[in-house]
Amino acid sequence: MKAHWQESTLHFERLGLSGTLQLAAKEVVLEMQLGFLLTAFRDRIALAIERTLDEELGVKPTGAKRVRR
């Protein structure tokens, strides 16, 4: 996977996946573009990311704004 930071934004890319992770004081914004083959696993990927971020950041799910496009 290729990745680089540009200020508070991590840009990443690999075969079938690219995106950004933006960090702010009280917010994490993750945007990913999935390739054709990974789109079949979109919901599973999103759920795994949400769970991992909640655990790593010590956040209890509160119904905070989570946008899936």
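The number of residues in the range 31-43 being surrounded by 14 or more Cβ atoms within 10 Å (Cβ to Cβ) and within 23 Å of Glu55 (Cα to Cα) comes to 1. Remark: pairs (first residue in the range 44-59, closer than 16 Å to Val29 by Cβ; second residue assigned to a helix (DSSP H, G or I) and open to solvent by 50 Å² or more (accessible area, probe 1.4 Å); Cβ separation under 8 Å; 6+ apart in sequence or on different chains) = Val59/Leu53.
For first residues located in the range 14-39 and farther than 14 Å from Lys2 by Cα, partners that are exposed (fewer than 11 other Cβ atoms within 10 Å of the Cβ) and lie 6+ apart or on another chain with Cβ distances below 6 Å form the pairs Leu23/Ser8. Remark: Val29 falls outside the filter, which requires a residue to be of a type in the set (A, V, I, L, M), part of a loop (DSSP other than H, G, I, E, B) and at pLDDT below 95. Tell me, which residue of the range 32-45 that is in a strand (DSSP E or B) and of a type in the set (A, V, I, L, M, F, W, C) is nearest to Leu10 (Cα to Cα)? Out of the qualifying residues, it is Met32. Residue under question is Gly16, and the condition is that it be loosely packed, with under 13 Cβ neighbours inside 10 Å and in contact with a helix residue (DSSP H, G or I) (Cβ under 6 Å, 6 or more places away or on another chain); does it hold? Judged against the criteria, Gly16 is a match.
The values are calculated or read from the model by the stated rules, or taken from the named source; none is laboratory data. All figures in this text were calculated on a predicted structure; none of them were measured in a lab. Positions of Cβ are backbone-derived with ideal geometry, glycine not excepted, and every protein chain shown enters the neighbour counts. Note: areas computed on protein heavy atoms with side chains; ligands, DNA, RNA excluded. Shrake-Rupley method; radii C 1.70, N 1.55, O 1.52, S 1.80 Å.
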